[in-house]
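> Would you mind keeping the following structure in view while I ask a few things?
Laboratory data are not the source of any read-out in this text; all were calculated from the coordinates shown. Everything quoted here is computed from the prediction, not taken from an experiment. Glycine also receives a Cβ, built like all others from the backbone with ideal geometry; neighbour counts cover every protein chain displayed.
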């Protein structure tokens, strides 16, 4: 099993994509988690397969779930349209790049927790920008997961020089 995360954003806050991925064999814990997720839907946190379009499911099988509670129709449509397609394309980009072995496309499963900024409800957004950041972020998270990035050595060497950006904002009185 592999895990990864990434952050990709354009100039505007609503463009931020910060997926977290879990990747593993379908005949192991990840496959069991995917089956349980699909069978245990919950209001506001629907689990859906990543698709390129209606009736075109991506491989490796990928389940996405929102980190935010979904209750707004516009948010839902953006999440289950632009972002869902971006996730699917990011997975295929990872296969094309060799991060996910093509020969394992039917044996691996991916769980993607998706962050979609709630600002998309009220802001004027560019769907191409949103698609691009989410696509790139999913491919980047998979790349990092499959390469165990960051490594434990890098983390130990850099632990004391890194401060979480929101923690720093709190320290600076900006939260």
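> Share of antiparallel DSSP beta bridges in the chain, in percent to the nearest 5? Intermediate values should be presented prior to the final figure.
Numbers: 16 of 22 bridges.
If I count the DSSP bridges inside the chain, around 75 percent turn out antiparallel.
> Would you order 75, 106 from fewest to most other beta-carbon atoms within 10 Å of each residue's own beta-carbon?
Listed from fewest to most nearby Cβ atoms, that is 106, 75.
> Picking from 117, 107, 27, which is most flexible by a Gaussian network model of the chain using Cα springs under 10 Å?
27
> Still on this structure, please answer the following. What list do you get for 166, 131, 49 if you sort them by fewest beta carbons within 10 Å?
By the 10 Å Cβ count, ascending, the order reads 166, 49, 131.
> Hey, of (i) 17.5; (ii) 16.8; (iii) 16.3, which did the structure itself give for Kirkwood radius over Cα pairs in Å when calculated?
Only one option fits the structure, namely (ii).
> What is the distance in Å between the Cα centres of region 84-118 and region 53-74?
If we compute the Cα centre of each part, the gap is 12 Å.
> In region 1-41, whose amide N lies under 14 Å from the spot 7 Å out along Cα-to-Cβ of residue 49? List them in ranges.
Once the point is set 7 Å along Cα→Cβ of residue 49, 34-35, 38-39 turn out to lie under 14 Å by backbone N, inside region 1-41.
> Between region 12-51 and region 126-163, how many Å separate their Cα centres?
Region 12-51 and region 126-163 have Cα centres spaced 18 Å from each other.
> Separate question: When a footprinting reagent is the concern and you count Cβ atoms within 10 Å, what order do 121, 111 take, fewest first?
121, 111
> Under 17 Å from a point 7 Å along the Cα-to-Cβ line of residue 154: which residues of region 111-128 have their amide N that close?
none
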